[in-house]
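Visitor: Sending over a structure as structure tokens; questions will come in a sec.
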Amino acid sequence: VQLQASGGGSVQAGDSLRVSCAASGRTSVKYAVGWFRQAPGKDREFLAAISWSGFSTYYQDSVKGRFTISSDNAKNTTYLQMNSLKPEDTAVYYCAARPSGLPSRRADDYVYWGQGTLVTVSS
């Protein structure tokens with residue numbers, strides 16, 4: 001499966017942004033999807049994940065309440081809605097998929113990765 005992340009951009013602190021992850025290829029398999037980000041000079045960190053059914057979601061504590069993950073299986077697309085953005089949210093945002101219905105916080109559990117989309121938040 002191929003993942004295409006999009007929707008990044010430059011925003012002001014306090015703004016909202018929604019990034020998308022569109023899957024193509026072998027989409028008949030049930031995938032769980034996660035969002036990660038990597039800021040310059042920092043390790044990649046987990047943000048949120050959602051099961052294929054959409055019933056299970058996980059969030060990193062630092063984004064809980066500000067970020068919301070959702071999916072539209074009919075469109076093979078997963079979204080990350082980001083509200084109240086802060087300058088420290090500046091990073092390249094990646095989506096990833098694992099051929100299991102269950103989400104995971106571990107990057108190593110994901111098999112497929114998108115190319116990343118840059119989000120820049122200025123103060």
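The values are calculated or read from the model by the stated rules, or taken from the named source; none is laboratory data. Just so you know, these numbers come straight off a predicted model, no measurement behind them. Virtual Cβ from ideal backbone geometry, glycine too; neighbours counted across all protein chains shown. Calculation scope for accessible area: heavy atoms of the full protein, side chains included, ligands and nucleic acids excluded. Shrake-Rupley method; radii C 1.70, N 1.55, O 1.52, S 1.80 Å.
Visitor: Between Q38 and E88, what is the label-to-label distance in nm when each label sits 7 Å out along the Cα-to-Cβ direction?
Guide: According to this spin-label approximation, the distance is 2.1 nm.
Visitor: Taking the full set of protein chains and a 1.4 angstrom probe, give the accessible area of T68 in square angstrom, rounded to the nearest 10.
Guide: Looks like 70 Å² after rounding.
Visitor: Taking 0.36 nm per residue of sequence separation and subtracting the Cα-Cα distance, how much length would be gained by fully extending the chain between R18 and T120, in nm to one decimal? If you can, show how the numbers build up before the last one.
Guide: Details: separation 102, 0.36 × 102 = 36.72 nm, distance 1.28 nm.
The R18-T120 span can extend by a further 35.4 nm.
Visitor: Additional query: Counting only heavy atoms of protein chains, what accessible area per residue, in Å², does the chain have with a probe of 1.4 Å?
Guide: Numbers: 6280 Å² over 123 residues.
So the chain comes to 51 Å² accessible per residue, rounded to a whole number.
Visitor: Additional query: Say each of K75 and F55 gets a label point 7 Å from the Cα, pointing the same way as Cα to Cβ; how far apart are those two points in nm?
Guide: 2.4
Visitor: I would also like to ask the following. Say R0 is 22 Å: what FRET efficiency, to the nearest 0.05, do K30 and Q2 get from their beta-carbon distance?
Guide: 0.85
Visitor: Give the shape of segment 17-74 as rounded, prolate or oblate, defined through the alpha-carbon gyration tensor: a ≥ b ≥ c are the square roots of its eigenvalues, a/c under 1.5 means rounded, and otherwise the shape is prolate if a/b is larger than b/c and oblate if not.
Guide: Values: a/c = 2.13, a/b = 1.53, b/c = 1.39.
Note, shape of segment 17-74 comes out prolate.
Visitor: A follow-up question, please. Just want to confirm a number: the relative contact order over segment 20-83, from Cα pairs under 8 angstrom separated by 6+ residues, in percent. Display every interim value, and only then the final one.
Guide: On the way: 94 pairs, mean separation 20.4, N = 64.
Computed value for segment 20-83: 32 percent relative contact order.
Visitor: For R105 and K64, compute 0.36 nm times the residue count separating them, minus their Cα-Cα distance, and round to one decimal in nm.
Guide: Values: separation 41, 0.36 × 41 = 14.76 nm, distance 1.37 nm.
Full extension of this stretch gives 13.4 nm more.
Visitor: Using Cα positions and a limit of under 19 Å, work out the lysines in reach of K30, with same-chain residues fewer than 8 apart set aside.
Guide: K75
Visitor: Roughly speaking, to the nearest percent, how much of the chain's 1.4 Å accessible area is carbon and sulfur?
Guide: Numbers: 2930 of 6280 Å².
Result for the chain: 47 percent of the exposed heavy-atom area is carbon or sulfur.
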